[in-house]
Amino acid sequence: MARVFNFSAGPSMLPLSVLKQAQAELLEYGSTGQSVMEMSHRSKAYQQIIETAEADLREIMGIPDTYDVIFTQGGGFTQFAAVPMNLMNKNRKADYIITGQWAKKAFEEAGKYGDARAAASSADKTFTYIPKTCRSDFRDDADYVYICMNNTIYGTKYNVLPDTGDIPLVADISSCMLSEPLDVTRFGLLFGGAQKNVAPAGVVMVIARRDLLGNAMDITPTMLDYKIQADAHSLFNTPPCYNIYMAGLVFKWIKDQGGVQAVYENNLKKADLLYGFLDNSKMFRGTVVKEDRSLMNVPFVTDSDELNKKFVAEAEAAGLVNLKGHRTVGGMRASIYNAMPYEGVKSLVEFMDKFEKENA
Ligand code: PMP
């Protein structure tokens, strides 16, 4: 078996030990005589799997009891609609900061349900930075302010959260979830799709301040009503059972690493190695302003499309796969999520160094 280093933006690498455990338990989970895939979501064994997954997520993220945790479906995209339906519930107004395609899509979706306003944007410089905002940029009567915390396509990240005063802050953490410590209490609501740092695609985690829920718009589909989902402990209907089991294994893996802080320190080392190389290279350069660089998604370019193509093809042949940039931006992008080992980034940097010398 020859496993590659997969730099995909998602779905992406899972920890090898997690895959091995899933493999070992594939035919029989514990002594149940069945696979988790075959298990009733109302069974005792499954009840324990989902409860443990939630408890472990609460532990590693430091989620207070005043917040609900929901495992649901429909990808990040469904939350773009669910967030306004649940939270645009006082004044039907929300302010969005547009830092890339995912924030823009969330903003456009919210416009279907109420008065969504773009409070700031970094579109003027192709989303290569995080716009600076202050409290007065947001409407006093906005029901929430929305950010995309880590911009998967453009490789920017909020290192300093916007000051929204008393207005609840909502963040899409799909591509940075569990990559670094986060003060959950700074947020009204967080959501993240699993397929980058948590599990195979198919489950989304929503973490919401309980007092904000319970007042969804009348048109809200039952399945998108966070209060209904929270009260049913994610078992209102059949949840994505196997994905939640996989998420649970990854939460345990994070605990085994020493928690989110330890994972973060490793992520810093990986990112420093790659950004350090980019900052010294004469051929490659990063595309994002330094202070807003993502730890998870690292876009970079050379000055030539030909060279970019050659690089991606030769890297692929060397077992460094999925380095092509997003189709809308071109160039390259290395996604180095939690499960990407340091050795993977080291191999990439060595390969880039060799490529630079050969093609100088
Ligand atoms: N938000 C972010 C930050 C993303 O990176 C993505 C997908 N890559 C989405 C939302 C959309 O997620 P999904 O495809 O699961 O709907």
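Rule-based calculations on the coordinates, nothing more; no lab input. None of the values given here were measured: they were computed from a predicted structure. With ideal geometry, Cβ positions are generated from the backbone for all residues, glycine too; neighbour counts draw on all protein chains shown.
The table below lists the values:
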read-out	value
Per-residue ³J(HN,Hα) for the range 195-211, Karplus 6.51 cos²θ - 1.76 cosθ + 1.60, θ = phi - 60°, Hz, x for Gly and Pro	6, 10, 10, 10, 5, x, 4, x, 10, 10, 9, 10, 10, 10, 4, 4, 5
Under-5 Å amide H pairs with Ile63, H placed in peptide plane, nonlocal only	none
Principal axis dimensions, largest first and in whole angstrom, of the range 286-360 by Cα	29, 26, 21
For Thr52, Thr78, order by how many other beta-carbon atoms lie within 10 Å, fewest first	Thr52, Thr78
In Hz, Karplus ³J(HN,Hα) per residue of the range 330-346 (6.51, -1.76, 1.60; θ = phi - 60°; x = Gly, Pro)	x, x, 10, 8, 9, 8, 10, 5, 3, 7, 6, x, 3, 4, x, 5, 4
Cα-based Rg and Dmax for the range 252-319, where Dmax is the largest Cα-Cα distance (Å)	15.0, 44
Cβ-based exposure ranking for Asp279, Asp218, in which fewest neighbours within 10 Å come first	Asp218, Asp279
Over the range 38-162: Rg over Rh, Cα atoms, Kirkwood Rh	1.05
Stokes-Einstein D (µm²/s) once Rh is taken as the Kirkwood radius of the chain over alpha-carbon pairs, at 20 °C in 1.002 mPa s	101
GNM top mover of Gly331, Gly188, Gly30 - the chain, alpha-carbon springs below 10 Å	Gly30
Cross-link pairs beyond the 29 Å C-alpha cut-off, checked among Lys105/Lys196; Lys196/Lys357; Lys269/Lys354; Lys90/Lys132	Lys196/Lys357
Nonlocal amide H pairs with Tyr144, under 5 Å, H built at 1.01 Å	Asp95
Whole-Å distance, taken between Cα centres, linking the range 1-61 and the range 310-360	29
Sorted by Cβ density within 10 Å, fewest first, the residues Glu316, Glu306, Glu356	Glu306, Glu316, Glu356
Derived scalar couplings ³J(HN,Hα) [the range 23-31; Karplus, 6.51 cos²θ - 1.76 cosθ + 1.60; whole Hz; x for Gly, Pro]	5, 5, 9, 4, 7, 9, 8, x, 10
Contact order relative to length of the chain, as percent, for alpha carbon pairs under 8 angstrom and 6 or more apart	23
Under-5 Å amide H pairs with His41, H placed in peptide plane, nonlocal only	none
Overall Cα dimensions of the range 236-360 - principal axes, largest extent first, Å	56, 30, 28
